[in-house]
């Protein structure tokens, strides 16, 4: 089957159709069906305009049949049509001659000539090979209707389980939309008290950090004050391991007050020995500086220094000789400061 | 009474035949699909849940289209064959559904279909009163 298309401007659009998309689809499907019927009759080529016209006629035929059948059913007080309505509609549409009209004696539908013709047609066609519609049509009335239905078929009050507001609204009507769709409903504020709690938590964590720093410094000072393995102490002052050791020691020697004052005394010494690399870390430590301690200690910035010292004493940045000189120098200074601190026991009690 | 009985019997027969026919409709699948017919019937207000009636309408439409097409085919065949230039080409010409045949076939159904063969500048362009008047 080949379609010879003459050039013509686009498809005819039925202005009375509700949606052009459905019209085009059904029209195309009807055209294919009509072409198939013509093929079964004997044609094997079609020109497009007559095919379009014939399709239009077939569609109009169906529409007229339906319209007449519906009106016949309504005349008899029914809303649903039955076979007799269709037979009457068939008779109505045909331009039969007088003799072939349905006899009024019996109301049987089979008296209808047209129906008999249809029956004969079916019998003949059944004898020939059946030619059903070749292409599988999707359930198109269902698909676009279903989409519309889904959009429009809001579940009724009964289905949703709601009671309609107002007795005048029956239950089978579609339910009202949820209030959040058309007005601003208050949202639940779940974290009402949390900002305060967050601040408290933050302060607690800060205090914890302060305590940890303090204990670390004490450990460091203890190490320094122990003095015996001076080189080793300095040399071993690795970032991680020393801290752990010192923490362990400091916990046992927490009461040792000497360490704290030494820390204070160390401030000038360590300031001198500061390196560039430790600047950033020191600043970081300064940020963590516990508020309480700074208040207690006043002007002296000592927090970061012992830790800076540990980094320094890793020995990564300095040559060996320099390191040794520094160590000696610092040791001397440390001893001097220690002696000084021993003379001021008052400060120690504050911590 | 007799007449009534006879008519009653005839009615029964007719009813039986009708039901038989409707049952046979289910075996025969019309060329026009059920969905399409149902769509157009719904568009015109026809409401019926019974598939057999929809098939009946589909078959009736198919019969209508087939009748028109067969009439047009006869017109097409009745037209004298074109001049054979090529010796190989036989008498069997291509059966093409053209507007002329269709308009002639539809005339008998009371439908006046005229396809303009060309687009004219004015209504009287190309009008040959002797031949064009049909």
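The values are calculated or read from the model by the stated rules, or taken from the named source; none is laboratory data. This is a predicted model, so every value here is computed, not measured. Because the Cβ atoms are built from the backbone with ideal geometry, glycine has one as well, and the counts that use them run over all protein chains shown.
Details
- Checked against the criteria, residue A:86 counts as assigned to a helix (DSSP H, G or I) and under 22 Å from residue B:19 (Cα atoms).
- Selection within the stretch A:45-56: residues that are assigned to a helix (DSSP H, G or I) and either facing another protein chain (nearest Cβ under 7 Å) or in contact with a strand residue (DSSP E or B) (Cβ under 7 Å, 6 or more places away or on another chain) (or both). The member of this set that is surrounded by the most Cβ atoms within 10 Å (Cβ to Cβ) is A:54.
- Looking across the stretch B:44-64, the residues that are at the interface with chain A (Cβ under 7 Å from one of its Cβ atoms) and either modelled with pLDDT of 90 or more or buried (at least 20 other Cβ atoms within 10 Å of the Cβ) (or both) come down to B:44, B:46, B:48, B:53, B:56, B:57, B:59, B:60, B:61, B:62, B:63, B:64.
- For residue B:124: the one exception among (1) at pLDDT 85 or above; (2) in a loop (DSSP other than H, G, I, E, B): (1)
- Residue that is farthest from the other protein chains (Cβ to nearest Cβ) [pool: residues in the stretch A:57-82 that are more than 55 Å from the chain's Cα centre (by Cα) and part of a helix (DSSP H, G or I)]: A:75
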